[in-house]
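The values are calculated or read from the model by the stated rules, or taken from the named source; none is laboratory data. Since this is a predicted model, take the numbers as computed values, not measurements. Heads up, the Cβs are rebuilt from the backbone with ideal geometry, glycines too, and the neighbour counts pull from every protein chain shown.
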Amino acid sequence: MRIAFIGQKGLDIGERGGGVEQHAAALASGLAERGNEVVVYARSRYRSAEPLARAGIRVRYLPTIYRKNLEAIVHAWLSTLDAMCRRYDIIHYHGVGPATLAWLPRWFKPQCKVIVTFHSQDRFHRKWGRLAKAYLHFGELAACWFPNATIAVSHVLQVYCRDHYRRQVIFIPNGAYVTHVPATDQLPQFGLEPGKYIVNVSRLIPHKGQHYLIEAWQMIQKQYPEKLKDIKLALVGAPSYTYDYERQLKDLAAGNRNIIFPGYQAGEALKQLFAHAYLYVHPSEAEGLPVVVLEAMSYGRPVLVSDIPENLEAMHHAGFSFKNKDSVDLSVKLLQLLNHPELVAEAARRVQDVVETEFNWSVIAEQTEAVYRSVRH
């Protein structure tokens, strides 16, 4: 089959993207390995660091207007119009924003079947204003009603679509690849030592909750200064039109030598930052099914997550949780895990098995291809 992906920023762009981009890249690879041809529509600014050399995958770059409220939807419009002029068997939209355009190929190119993956309830992301949130709310309805079939990446979203939009959607989760990284040569540039830092990897966006983590860290430092003397907190990532929030985080951490901001990282440096952390912490307020939590688990790292249902579903009873938006509870749970390394070690032994059995990309690609075939016959 010839398949077009629309909605992601690009392919193989590391932490410049988010969970949607990681999902699209892994799914495209899995589908290509199964003999399909995948064309990934990408924004011109988001080019891969290295030329793509994967059989069955092509990237088609189109321009857009680089403004927070226009970048995604303008690119989705141009990509949709371009895709309708080509011979695709499937147009697959990623995200509820791009899903608002799914009616175009449904009406004007009915021989091409349309799929939407519902990745998250984007309207709850705090970076959006009132108008954008209303549009994304409409996007949820569009994701459920406009395409030939809808995929939800979590059971939480699947139930939400059924209860709120009266539509049966298909559950196919995000995934990760189990990875082993023995090398540690990239860590010294950040002043880090294996097992002596706690890490968060995410775009610096308010709903990702890094401020809760800094506040919790500082509570522990104030009460038990010796406990964190040799441990660092690494907040890895860059802002996405959220420079005020980045400044807020750095102001909050000002003067604290044990809190570092390595910025955007990719490749071997990012792999080592994941693989050799004592613990991965994910304090997000809203998610779909967080790819980054699965990624941390794929490196054998135990996770401490906010207790929103989507995080708990990803963790799959193999990690730890704290009350969402509660810095005090986060500090209590973090201190407990620092005081009991045996709990962390036990969780570390389980997490890769969970990824391999529950979030396997080969299985996910097979299930997605089955959805494509079902709507074509």
* Structure fact -> From the option list Y278, Y299, single residue qualifying as touching a residue at least 40 places away in the same chain (Cβ under 8 Å), within 18 Å of Y197 (Cβ to Cβ), of a type in the set (S, T, Y) and in contact with a Gly (Cβ under 8 Å, 6 or more places away or on another chain) is Y278
* To do: Report, by residue number, each residue of the range 123-160 that is aliphatic (A, V, I, L, M) and in contact with an Asp or Glu (Cβ under 6 Å, 6 or more places away or on another chain).
  => L136, V156
* Structure fact -> Within the range 175-193, residues among the aromatic types (F, W, Y) and assigned to a helix (DSSP H, G or I) come out as F190
* To do: Mind counting the residues in the range 296-314 that are closer than 19 Å to L338 by Cα and of a type in the set (A, V, I, L, M)?
  => 5
* Asked: Restricting to the range 110-124, what's the tally of residues that are closer than 22 Å to G209 by Cβ and surrounded by fewer than 18 Cβ atoms within 10 Å (Cβ to Cβ)?
  -> 1
* Can you tell me which residue in the range 29-58 is nearest to W107 (Cα to Cα), limited to those that are of a type in the set (A, V, I, L, M) and surrounded by fewer than 20 Cβ atoms within 10 Å (Cβ to Cβ)? -> A32
* To do: Mind listing just one residue for me: the one in the range 326-349 that is crowded, with 16+ Cβ neighbours inside 10 Å and among the charged types (D, E, K, R) and, of those, farthest from P225 (Cα to Cα)?
  => D326
* Please enumerate the residues belonging to the range 234-265 that are more than 21 Å from the chain's Cα centre (by Cα) and either among the acidic types (D, E) or farther than 23 Å from N69 by Cβ (or both). => D244, K250, D251, L252, A253, A254, G255, N256, R257, N258, I259, I260
* Which one is surrounded by the fewest Cβ atoms within 10 Å (Cβ to Cβ) among residues in the range 246-293 that are aromatic (F, W, Y) and modelled with pLDDT of 95 or more? -> F261
* To do: Within the range 1-45, count every residue that is in a loop (DSSP other than H, G, I, E, B) and of a type in the set (A, V, I, L, M, F, W, C).
  => 3
* To do: Look through the range 222-250, keep the residues that are touching a residue at least 12 places away in the same chain (Cβ under 8 Å) and of a type in the set (F, W, Y), and return whichever of them is farthest from P262 (Cα to Cα).
  => Y224
* To do: Enumerate the helices (runs of 4 or more DSSP H) found wholly within the range 62-136, keeping only those where 2 or more residues are among the polar types (S, T, N, Q).
  => 71-84
